[in-house]
Amino acid sequence: MVTLLFFIPIFAVIAISFINGERIKTIKTISVLTACAELIVSVRVFTRVLSGTPVVKIAHNVLGLNDYYFMADGLSILFVLVVNSLLLLVTVFSLEYIKRRGIGVKQYFMFLFAVFAGINGTLISGDLIGIFIFVELASISSYILTAMDRKDENYEAAIKYIVFGTISSLLLLLSMAFIYSKISSLSLADISGLWTIYRNVGNMATLVVLISALCIKSAIVPFHFWAPDAYVSAPSPISAVFSGAINKGLGVYLLMRFSANILAFDRVIMQLLAFLGVVSIVIGVVLAIYQWNYKRLLAYHSISQLGYIFLGFSAANPVGILGALFHLVNHSIFKPLLFLTAGSIETSTGKSDLKEMGGLSKKLPVTSFSSMIASLSISGVPPFNGFWSKLLIIIACVRAEMYVYALIAAAGSILTLSSFLKVQRYAFYGFLKDENKNVTESPLSMTVPMIILAFLCVFLGILLLPGIDRSFLGLALDVIMSGKEGYCNAVSEGMLK
Amino acid sequence: MILELEYIFSSFIFVAGFIAVVLNKNILKTIIGLSLMGYSVCLFFVVRGYTYMGQIPIIEQHETSFRIVDPLVQSLVMLLLLIELLSLVLLSVMAYKIHKHYGTLNLDEIRKLKG
C-alpha cells in the first residue's frame, strides 16, 4: 500500500513516455487519473495511520540489504496528503495553462510525475540510500522543468539551480558517508538508535554538512540564491510545486525528521535553526518589497514564510511545533494559490511585471478575488488560516523566552502585509491600461483549483479545533515529540505487524 | 579517527572541487569541479568499505581463500556514479544551449549581455 505512493507516478511516467506526443487528450486523461489515484491512495494510507500504528513495508534484497523499509507515520502522512492534494490541483490547472503557453504536454507531465514520485518516495523512505535516490529523482526532474519554457534566458536560471542542487546532493551524500563510516548502517532506525551525538570534530562536521545540504534544498537564507531565479523561469504551476512541495518534501521534512527523531532536539542545532529562520524572515521580506516582477516577489516571500516554519519548529515546545506544522500546511495552500494567480495573469495578459498590470480586478474577477484572500492569509489577517499558525509560532517564541525573535516575526508579518498591498494596488486595482482592455477571465479548469484553494484558505483554521487537531496535525506532533526512542519503537512495532 | 588518511585525502579533493565551482565563472570549469566533488565522495565511500586484509568481520575462523570488502558500498557507488553522470549531462546540455545563444560560457559576460 505504501509503496504505491511512488509506484503510481512512476507507472504514469512510463505510460506517458510510450504515448505519441500528438495524442494530447489521452495524456491529459492519464495525468488526471493518476493524480486522483495518488490522492485516493494517500487518503487510504492516512486512514490506516489514523487507526493505529504506522504502516511499514519491508522490501527484501534491495542493494543486498534485508532491513530496507518504507514507513508512513504521522509526520510522513501529513506531508504526503498536502503534497498529493497539491498535485491534483496543479495537474488540473496545468491542462489549460500549458496549452496556452505552448509547452509540450508529454514532457511536462512526464517530469511533473517524476518529481512527485521522488517527493513521495522521500517522504516514506526509511533509509538514507532511498532518501538520496528519491531526492535525486525529484531534483533532476525539477531541473528540467525549470527550463521547460525553452526560452534562452531560462537556461541561466536552470544552470544556477543545477549547480546549487548538485552541491546540495553531494553534501547530503558526504554526510551519508560520514554516518556510514561511524555506524555501518544507513537505515534511519539504526542511525537513530546507534548514533549518539558527542561534541567532537567528526560529529560536528557531519552535522554541518547535513544541515547545509538540507537548507539548500529548502532555500533558506544563506543558501537561497537559486530560488528566485528558478521560480521565475519555471512555468507558474511548477513554481507552485516548488514552493508547495519540493522545498517542503525534500528540505523541511528531512530537517524535521533528522532534528527530532535522530538528533533528539540538540540544543545547538535548534538555536542555529532559529537564527536561520529569523534571518530568512527579515531578508526574504525586505528583498520582496523591492521586487516588481510578481513571481520574483512571491519567491522571496516563500523564503520568508519558510523562516516562520523554521522558527516555530526550533522553539522545540509543542505549541511551536504545532504552529510550524500548521504553517507548513497553510503555506502549501496560499503560496501555490498566489503562484496560480500569477499563472492566470500571465496567460490572460502575457505580463509578469506589476507596473504593466493594473485594474485587472474588473477583467479577472476570480483571479483577483482569490489573490486577495491569499494575500490576506499570507500576511496573517485574523479570520484566515495564516493568522492562526503565525499566532501559535509567536506564542511559542515567547514561551521559549525568545522575545526578540517573536518581535521580529510579528514585524515580518506587517512587512508582508505592506508588500501584498502593493501587489493588490498595482495588479488588480487602480486604472485599467488600454492594452488590457480585451483581457478575459481564464477558463474553468484554471479557476476551479484557485477557488478550491481560496476556500481552504478561509476555512482551514478549523484544523485547530479540539477533536480535529488530534487527528491530523496531532499525529505529526506526536511523532516529532516522541523523539529518538519513539521513532525506534514505532519502526519495530510496525515491522512486527 | 578524524586524522585518518582517507578523510584528509577525500576532503582535500572535495574542497578543491568546491573551490573550482565557487571561484570560476566558466561553466565548463564548474562542471569539472562538480564532478571532482562527486568522485571524492565516491572515493571516500569505497575506501571506507575496505576491511583490513579483506577479512570477514565478526566471523573469526574464516577460510583464507576468499576475501571481501563491504558489498553495500560497492553497489551504492555504482548507483551514485550513475546519478552524478545524469546531473552533469543535464548541466552540459544547458551549457551548450547557453553557448549557442550567447556565444560565451562566462557567467559574468552572460549577465552583461542580458543587461
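Observations, loosely collected:
- Counts of other chain beta carbons within 10 angstrom of each beta carbon in peptide A:176-185 average 5.
- A DSSP coil position with no more than 14 other Cβ atoms inside 10 Å describes none of the trypsin sites (Lys or Arg not before Pro) in the range A:264-349.
- For the protein assembly as shown: accessible area per residue (Å², 1.4 Å): 39
- Averaged over the residues of A:153-162, the number of partner chain Cβ atoms lying within 10 Å of the residue Cβ comes to 6.
- Label-point separation in nm, A:Ala264 to A:Val458, each point 7 Å along Cα→Cβ: 4.8
- Charge sum, other residues only, whose C-beta stays under 14 Å from A:Leu417's C-beta, Lys/Arg counted +1 and Asp/Glu -1: +3
- Each of the peptides A:11-20, A:195-204 was scored by the mean count of other Cβ atoms within 10 Å over its residues; in descending order, highest first, they stand as A:11-20, A:195-204.
- Total accessible area lost when A and B pair, probe 1.4 Å, Å² to nearest 100: 3300
- Summed residue charge, Cβ within 12 Å of A:Ser259's Cβ, Lys/Arg positive, Asp/Glu negative: +2
- In chain A, the sites counted are GluC sites (Glu not before Pro) in DSSP loop states with at most 10 other Cβ atoms within 10 Å, and the longest stretch holding none of them, exclusive of the sites, is A:23-400.
- Separation of the range A:106-183 from the range A:324-364 is 26 Å, based on Cα centroids.
- Per-q log10 I(q)/I(0), chain A, q = 0.09 Å⁻¹ (Debye; single scatterer per alpha-carbon; no solvent): -0.57
- Other residues whose C-beta falls under 12 angstrom from the C-beta of A:Tyr180 contribute a net charge of -1, scoring Lys and Arg +1 and Asp and Glu -1.
- Rounded percent of accessible protein surface that carbon and sulfur make up, chain A, 1.4 Å probe: 67
- Take the Cα radius of gyration of the range A:364-497 and divide it by 2.2 N^0.38 Å, N being the number of residues; the result is 1.46.
- Computed over the alpha-carbon atoms, the range A:1-112 gives an Rg to Rh ratio of 1.05, Rh here being the Kirkwood radius from the mean inverse distance.
- Each Lys and Arg Cβ is given +1 and each Asp and Glu Cβ -1; about its Cα centre, the protein assembly as shown then shows a dipole of about 1700 debye.
- Dividing the mean sequence gap of close Cα pairs (under 8 Å, 6+ apart) by how many residues chain A holds gives a relative contact order of 17 percent.
- 5 angstrom amide H check on A:Asp127, placed H, neighbours 5+ away: A:Leu188
- D_trans [Stokes-Einstein, Kirkwood Rh over alpha-carbon pairs] for the range A:279-351, 37 °C, 0.692 mPa s, µm² s⁻¹: 251
- D (Stokes-Einstein, µm²/s), Kirkwood Cα radius, the range A:201-282, 1.567 mPa s at 4 °C: 96
- The value obtained for the range A:278-464, namely the Cα convex hull volume divided by the number of residues, is 89 Å³ per residue.
- For the range A:159-237, the extents of the C-alpha atoms along the principal axes are 44, 22, 17 Å, listed from largest to smallest.
- Put the Cα centre of the range A:191-208 next to the Cα centre of the range A:389-449 and the gap is 40 Å.
- Per-residue mean of C-beta atoms belonging to partner chains within 10 Å, peptide B:93-105: 4
The values are calculated or read from the model by the stated rules, or taken from the named source; none is laboratory data. All values reported here derive from a predicted model rather than from experimental measurement. Cβ sites come from the backbone with ideal geometry, for glycine too, and all protein chains shown count toward neighbours. Just the protein is used for accessible areas: all its heavy atoms, side chains included, with ligands, DNA and RNA removed. Shrake-Rupley method; radii C 1.70, N 1.55, O 1.52, S 1.80 Å.
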